[in-house]
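The values are calculated or read from the model by the stated rules, or taken from the named source; none is laboratory data. Please read these numbers as outputs of a predicted model, since none were measured by experiment. Cβ atoms come from the backbone with ideal geometry, glycine included; neighbour counts cover every protein chain shown.
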Amino acid sequence: MSASYSRNDVRQAVLRLFGESLSKEVLAVLDRYGGHADSGVRARVHLAALKLSGGDLDELKTRVNQAIADSHDVISMAEYPSHVSMQSQSCSEATLRELHESDLRDHQEWLKWMGLDPIRDESR
């Protein structure tokens, strides 16, 4: 599955999690991570940080700082938390695959809750 999200998708998630009153401040925090030239990847990192923040501004700042250091970690923690946490454990490939699929379903549900299409074509 490939997903490509836009700045408008990020704005929508910001409004859902933080409301209109904090939206400008939240977008400014997110804009501290500008790390990837591809705007779809940048939006994916922003959405990951938003998800991990749980609507808490201080936590969002922490997650954006993490993304600045390593955006892949933030994406992995947001999209595949169980799979990531169990990778260092001794478990079978089948178990890791099940965790991956479960995490994927959970993340897709979060995206739906944000009002976003969970599966998108990269070419859009």
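If I filter region 11-32 for residues that are over 21 Å from Pro118 (Cβ atoms), among the hydroxyl-bearing types (Ser, Thr, Tyr), modelled with pLDDT of 95 or more and surrounded by 14 or more Cβ atoms within 10 Å (Cβ to Cβ), do I get at least one hit? Scanning region 11-32, I find at least one residue that is over 21 Å from Pro118 (Cβ atoms), among the hydroxyl-bearing types (Ser, Thr, Tyr), modelled with pLDDT of 95 or more and surrounded by 14 or more Cβ atoms within 10 Å (Cβ to Cβ), so the answer is yes. Within region 97-113, residues that are of a type in the set (Phe, Trp, Tyr) reach partners that are assigned to a helix (DSSP H, G or I) with beta carbons closer than 7 Å, at six or more positions or on different chains, in the pairs Trp110/Lys51.
Is region 38-56 home to any residue that is modelled with pLDDT of 95 or more and loosely packed, with under 13 Cβ neighbours inside 10 Å? Among the residues of region 38-56, at least one is modelled with pLDDT of 95 or more and loosely packed, with under 13 Cβ neighbours inside 10 Å, which makes the answer yes.
Pairing each residue of region 50-67 that is without any contact (Cβ under 8 Å) to a residue 40 or more places away in the chain with any residue that is of a type in the set (Phe, Trp, Tyr) and surrounded by 15 or more Cβ atoms within 10 Å (Cβ to Cβ), provided the two are 6+ apart or on different chains, yields C-beta distances under 8 Å for Gly55/Phe18; Leu57/Phe18; Val64/Tyr33; Ala67/Tyr33.
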